[in-house]
1. Could you list all residues from the range B:83-97 that are farther than 22 Å from residue A:34 by Cβ and surrounded by 14 or more Cβ atoms within 10 Å (Cβ to Cβ)?
2. Among the numbered conditions (1) at the interface with another protein chain (Cβ under 8 Å from one of its Cβ atoms); (2) closer than 22 Å to residue A:45 by Cβ; (3) in contact (Cβ under 8 Å) with a residue 40 or more places away in the chain; (4) more than 13 Å from the chain's Cα centre (by Cα), tell me where residue B:38 comes up short.
3. Count, please, the residues in the range B:98-113 that happen to be at the interface with another protein chain (Cβ under 7 Å from one of its Cβ atoms), in contact (Cβ under 8 Å) with a residue 60 or more places away in the chain and surrounded by fewer than 22 Cβ atoms within 10 Å (Cβ to Cβ).
4. Give the residues of the range B:88-97 that are more than 7 Å from chain A (Cβ to nearest Cβ) and part of a strand (DSSP E or B), sorted by residue number.
5. Search the range A:23-48 for residues being without any contact (Cβ under 8 Å) to a residue 24 or more places away in the chain and in a strand (DSSP E or B), and hand back the single one that is nearest to residue A:92 (Cα to Cα).
């Protein structure tokens, strides 16, 4: 059974710092991996999607990497801002017809001014 | 495009009552999903559908029913509501081809008392 783990569960950093959020998964047979952002009381916003054949994706100050063989992904946030404060969720889309995402529990990020 | 819309935003039910959570998408996506999110936990898949007339159980289907009569709509029915169904419910959709990026609705916060 695929399990997704996100460490740390919470992270607090000063504004301007570069930071890395970690995601690990137990089964490398994935179709893709998505990083989401969730603000309190809100829905999920897709940040980056990495196909299983890709190594990384970039969007603005965000860079996500994928190492399927080791079952790891990282989300790098450059020059963090208070507006980046949110919970970040990692999810893997299973391969082979399961047609579903398996989510981690998220990392709650606080960026202090 | 409105994307994925959900109604209602909030609802309080008494134990034993029934209700339907509505979900509509206007992106012509084949795949649609229902998740629940409990505090401190990741999202759990309740049901999903790969097209009109086709539905399948996810990880936590007990106490719920779904139907998919059109491509756009995927309602979730709660029969005989129980306190354990207190949660935030998210609907999502994606294409069946390509990267299968999932797009989420804003959620329905349900309390069963």
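1. So in the range B:83-97, the residues farther than 22 Å from residue A:34 by Cβ come out as B:83-86.
Hits for the range B:83-97 are B:85, B:86.
2. Among (1) at the interface with another protein chain (Cβ under 8 Å from one of its Cβ atoms); (2) closer than 22 Å to residue A:45 by Cβ; (3) in contact (Cβ under 8 Å) with a residue 40 or more places away in the chain; (4) more than 13 Å from the chain's Cα centre (by Cα), the lone unmet condition for residue B:38 is (1).
3. So the first thing to find is which residues in the range B:98-113 are at the interface with another protein chain (Cβ under 7 Å from one of its Cβ atoms), and the list is B:99-107.
Filter once more, so that each one left must be in contact (Cβ under 8 Å) with a residue 60 or more places away in the chain: B:100, B:102-107.
Going one step further and asking which of them are surrounded by fewer than 22 Cβ atoms within 10 Å (Cβ to Cβ), we end up with B:100, B:103, B:106.
Here the count works out to 3.
4. Of the residues in the range B:88-97, the ones more than 7 Å from chain A (Cβ to nearest Cβ) are B:88-89, B:91-97.
Across the range B:88-97, the qualifying residues are B:88, B:89, B:91, B:92, B:93, B:94.
5. Looking at residues that are without any contact (Cβ under 8 Å) to a residue 24 or more places away in the chain and in a strand (DSSP E or B), I get A:46.
So that you can scan it fast, the table gives a plain yes or no per residue for (1) more than 13 Å from chain B (Cβ to nearest Cβ); (2) at pLDDT 95 or above; (3) assigned to a strand (DSSP E or B); (4) under 24 Å from residue B:46 (Cβ atoms):
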position	(1), (2), (3), (4)
A:50	no, no, yes, no
A:53	no, no, no, no
A:65	yes, yes, yes, no
A:69	yes, no, no, no
A:74	yes, yes, yes, no
A:83	yes, yes, no, no
A:110	yes, yes, yes, no
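The values are calculated or read from the model by the stated rules, or taken from the named source; none is laboratory data. Values in this document were obtained by computation on a predicted structure and should not be read as measured data. All Cβ positions, even for glycine, are placed from backbone atoms using ideal geometry, and neighbour counts span all protein chains on display.
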